Amino acid sequence: MRLQEFGYVVRKARRARAMTQAELAKFAGLSRTTMNQLENGVFPDIGMNKAQAILAPLGLALQIQPVRRSSRPNYVRMARSSASVSFREKLSEGELVRTLLSTYGFEFTAY
């Protein structure tokens, strides 16, 4: 999981529990600014202890599992993740494809 995806999961879980960033940051022993940067995908890195401290009050935990690698990278998924950084909610693959196609003058029917 990329750090941007981690931030998205944290934000979604925090909102589902009606917590503010400041409340979660206090539980985790972090600043609200750090929590904001993490949720917005601009925090450069976070250690395991901090990640666990953030997830615990949300009822979440880190899990290690084998990675299933495809033979080819999923470029649409990669573009979707990086294009979603400035958006409040993550773009779906269909939304990204529709946007890219319309940008280059193609008509989008279904994905």
Evaluate the following for ILE64: is it at pLDDT 80 or above, open to solvent by 60 Å² or more (accessible area, probe 1.4 Å) and not in a helix (DSSP H, G or I)?
-> yes
Report yes if some residue within segment 77-84 is crowded, with 16+ Cβ neighbours inside 10 Å, in a loop (DSSP other than H, G, I, E, B) and modelled with pLDDT under 95; otherwise report no.
-> yes
Restricting segment 1-42 to residues that are closer than 22 Å to ILE64 by Cα and in a loop (DSSP other than H, G, I, E, B), the residue that is least open to solvent (accessible area, probe 1.4 Å) = GLY41
Go through segment 5-58 residue by residue and tally those that are farther than 29 Å from SER92 by Cβ, touching a Gly at 6+ places or on another chain (Cβ under 9 Å) and among the hydroxyl-bearing types (Ser, Thr, Tyr).
-> 0
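The values are calculated or read from the model by the stated rules, or taken from the named source; none is laboratory data. Since we're looking at a predicted model, the values are computed, not measured. All Cβ positions, even for glycine, are placed from backbone atoms using ideal geometry, and neighbour counts span all protein chains on display. In case anyone asks, the SASA skips ligands and DNA or RNA and just uses the protein heavy atoms, side chains included. Shrake-Rupley method; radii C 1.70, N 1.55, O 1.52, S 1.80 Å.
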